[in-house]
Amino acid sequence: MKVTMTVNGRARTFDVEPNRLLLNLLREDLDLTGAKYGCGMGECGACTVLLDGEPVMACMTLAVDCEGATIETVEGLSSGEALHPIQEAFIEEGAVQCGFCTPGFIMATKALLGESPEPTEPEIREYLKGNICRCTGYVNIVKAVQRAAEALR
Amino acid sequence: MSAINRQNTHIIPVDFQYHQPETVGEAVKLLEAHPDAKPIAGGTDLVPKMKQRLLEPGHLVNLKRIRELQGVEDRGGEVYIGAATKLRAVERSETVQRRLPLLYSCVRSIGSVQIRNMGTLGGNVCNASPAADGALGLVALDATVQVAGPGGTRTVKAGDFFAGPGKTVLGRGELVTGFTVPVPGPDVGTCFISVGRTALDISTISIAVALRMKGGAVQEARVALGSVAPTPLRLPEVENWLKGRELDEATVREAAGMVSGGIKPITDIRGTAEYRREAARGMAMEALTRAGGLEGRSQG
């Protein structure tokens with residue numbers, strides 16, 4: 001089936017089988033390997049991308065269902081060598097260890113800060129509860145989100 | 001975890017034809033024509049099941065392009081919610097926040113932001129999980145399920161919609177188009193509580209209570225629990241017993257005992273039957289206290 005979507009600002013048309021998942025399309029056809037395959041069941045958030053500005057699980061999204069959609073992945077955040085303030089904040093606060101969960105956290109954070117520019121810590125923890133990190137223990141991630149919020153204000 | 005790792009795959013190992021109807025009529029025709037068809041909206045339950053080959057439908061009928069299945073509408077005495085309305089849209093609706101705070105709490109408790117951006121209220125109900133918090137809210141609010149099918153439309157009370165775990169009363173070719181939720185009056189207090197192992201986990205047990213009060217007495221009660229029976233469970237014995245009684249600490253305690261005895265829990269991976277009976281007692285006490293506006297008094 002033909003499907004056209006905008007990925008990181010570029011219109012793309014694909015010919016896909018109906019059972020093709022958005023995550024595999026991004027990773028395999030476009031080499032956008034930022035979004036990760038973690039649990040495959042919507043529990044870990046490692047595959048989080050923004051679909052029309054809202055965070056979703058790419059590992060459970062049918063590519064054919066993305067007709068006309070705008071998709072943003074972590075690769076779309078930086079401009080050349082200049083990182084996005086959220087990426088900078090994650091580095092500054094040591095919110096990255098193995099890095100596997102980071103693209104998902106960063107995309108969820110982008111959506112959070114778009115909705116709520118000054119989130120409280122409970123709001124941050126509530127919004128990011130769909131993203132699991134097995135290294136950092138979340139403290140530095142929360143700090144990074146707060147730092148990014150300040151930078152973006 | 002080991003069970004997930006054993007069965008899960010990167011891909012959907014099932015081939016199916018994909019249909020994108022734009023009207024309810026077309027969707028009904030497709031579902032009727034293909035006995036191995038499944039409707040899909042958010043896909044948050046269906047896709048993992050297909051990944052594990054627990055379901056292998058030959059056809060998927062996407063309901064999200066059907067405009068009449070979308071949106072929240074304030075109709076005065078009731079609120080209408082289209083079945084394919086995303087959970088996040090239900091939660092963000094000012095109408096729901098203001099007029100149906102119980103349903104708002106129930107929907108907020110489902111999954112994560114990502115899950116609620118994908119999943120729909122109709123999907124939460126039609127998957128017929130006894131743990132579905134959205135379904136529980138609709139049962140406690142005595143909502144009506146709107147159904148369309150080959151024979152036309154019909155309505156079913158939310159409390160009568162479930163036939164067992166994963167089973168509903170929907171017949172072949174039928175689909176849920178929306179929910180009509182009566183708006184509780186200003187004399188109604190509501191409360192939803194759920195207990196889960198972790199933030200994101202499915203509820204181990206949940207309770208939703210609505211009490212219409214006059215003075216300190218209960219005029220009408222609705223008590224519904226999730227994850228304590230094969231379907232979301234209402235407890236008419238407790239509701240009838242509460243009717244007309246002064247709501248004080250002793251009444252709350254006795255009603256909570258009836259809740260604990262009236263549920264039919266099983267032992268599963270999320271908790272034992274014994275745990276659920278004890279948890280139900282404490283949760284019922286808290287929910288009745290809060291819905292009945294006793295909080296200040298009982299804590300004082």
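Only the coordinates and a few stated rules stand behind these numbers; no lab work does. What you see is a predicted model, and the numbers here were worked out from it, not measured in a lab. A quick note on method: Cβ atoms are made from the backbone with ideal geometry, for glycine too, and the neighbour counts reach across all protein chains shown.
For the segment A:42-50, counting C-beta atoms of other chains within 10 Å of every residue's C-beta and taking the mean gives 4.
Pairs over the 22 Å Cα-Cα cut-off, from the set B:Lys214/B:Lys243; B:Lys49/B:Lys167; A:Lys129/B:Lys64; A:Lys36/B:Lys38: A:Lys129/B:Lys64; A:Lys36/B:Lys38. The residue among A:Ser79, A:Thr120, A:Ile132 whose Cα reaches farthest toward the positive pole of the charge dipole of segment A:70-153, with charges on the beta-carbon of Lys, Arg, Asp and Glu, is A:Ile132. If R0 equals 30 Å, the separation of the Cβ atoms of A:Glu28 and A:Glu115 corresponds to a calculated FRET efficiency of about 0.45.
Between the amide H of A:Gly38 and those of A:Ala46, A:Cys47, distances stay under 5 Å, these residues lying 5 or more places away or on another chain, with hydrogens modeled in the peptide plane.
Working from label points 7 Å from Cα in the Cα-to-Cβ sense, the A:Cys135 to B:Glu56 distance is 4.0 nm. Computed from Cα positions, the angle between helix B:249-262 and the longest principal axis of chain B comes to roughly 40 degrees. For the residues of B:215-221, the average number of beta carbons from a partner chain within 10 Å of their own beta carbon is 0.
For segment B:188-294, a simple Cβ point-charge model (Lys and Arg +1, Asp and Glu -1, everything else neutral) yields a dipole of about 200 debye relative to the Cα centre.
Karplus-based coupling profile of segment A:128-144, in residue order and whole Hz: 9, 6, x, 10, 10, 10, 9, 10, 7, x, 6, 4, 6, 5, 4, 4, 5, with θ = phi - 60° in 6.51 cos²θ - 1.76 cosθ + 1.60 and x standing for Gly or Pro. Highest mobility in the GNM of chain B, judged by mean-square fluctuation with C-alpha springs under 10 Å and restricted to B:Ala143, B:Ala256, B:Ala273, is found for B:Ala273.
For the residues of A:7-15, the average number of beta carbons from a partner chain within 10 Å of their own beta carbon is 0. Please check: in the Gaussian network model of chain A (C-alpha springs, under 10 Å), which one of A:Met41, A:Met57, A:Met107 has the largest mean-square fluctuation. Between A:Met41, A:Met57, A:Met107, it is A:Met41 that shows the largest mean-square fluctuation.
The angle between the Cα long axis of helix B:24-33 and the longest principal axis of the Cα atoms of chain B comes to about 70 degrees, rounded to the nearest 10.
The residues neighbouring B:His10, those whose beta-carbon lies less than 13 Å from its own, together hold a net charge of +3 under the Lys/Arg +1, Asp/Glu -1 convention.
Tell me, what is the FRET efficiency for B:Glu249 and B:Ala273 to the nearest 0.05, using R0 = 35 angstrom and their Cβ-Cβ distance as r? Mind showing how you got there, number by number?
Values: r = 27 Å, r/R0 = 0.77.
For B:Glu249 and B:Ala273, the calculated efficiency is 0.80.
Based on Cα contacts under 8 Å between residues 6+ apart, chain B shows a relative contact order of 14 percent. Peptides B:215-225, A:134-144 ranked from most to least packed give B:215-225, A:134-144, packing being the mean of other C-beta atoms within 10 angstrom over each peptide's residues. In sequence order, segment B:179-188 has phi-based couplings of 10, 9, 10, x, 7, x, x, x, 8, 9 Hz under the Karplus curve 6.51 cos²θ - 1.76 cosθ + 1.60, θ = phi - 60°, and Gly or Pro positions carry x. Of the residues A:His84, B:His19, B:His10, the one with the fewest other Cβ atoms within 10 Å heads the list, and the complete ranking is B:His10, A:His84, B:His19. Among A:Val96, B:Val61, sorting on how many other beta-carbon atoms sit within 10 Å of each Cβ, with the fewest leading, yields A:Val96, B:Val61. Seen from B:Thr85, the other residues with C-beta closer than 13 Å to its C-beta sum to a net charge of +3, counting Lys and Arg as +1 and Asp and Glu as -1. An oblate overall shape is assigned to segment B:165-300, the ratio a/c of its alpha-carbon gyration tensor axes (a ≥ b ≥ c) being 1.5 or greater and a/b not exceeding b/c.
Summary value for segment A:1-90: 34 percent relative contact order, contacts being C-alpha pairs under 8 angstrom separated by 6+ residues.
Between the amide H of B:Ile205 and those of B:Val195, distances stay under 5 Å, these residues lying 5 or more places away or on another chain, with hydrogens modeled in the peptide plane.
3J(HN,Hα) couplings calculated from phi for segment A:102-108 with the Karplus curve 6.51 cos²θ - 1.76 cosθ + 1.60 (θ = phi - 60°) are, in sequence order, 4, x, x, 4, 5, 5, 5 Hz; Gly and Pro show x. In segment B:70-182, taking the dipole from charged Cβ atoms about the Cα centre, the farthest positive-side position among B:Val169, B:Gly71, B:Gly123 is held by B:Gly123. When peptides B:109-116, A:18-25, B:183-190, B:144-151 are ranked by their average number of other Cβ atoms within 10 Å per residue, the highest-first order is B:109-116, A:18-25, B:144-151, B:183-190.
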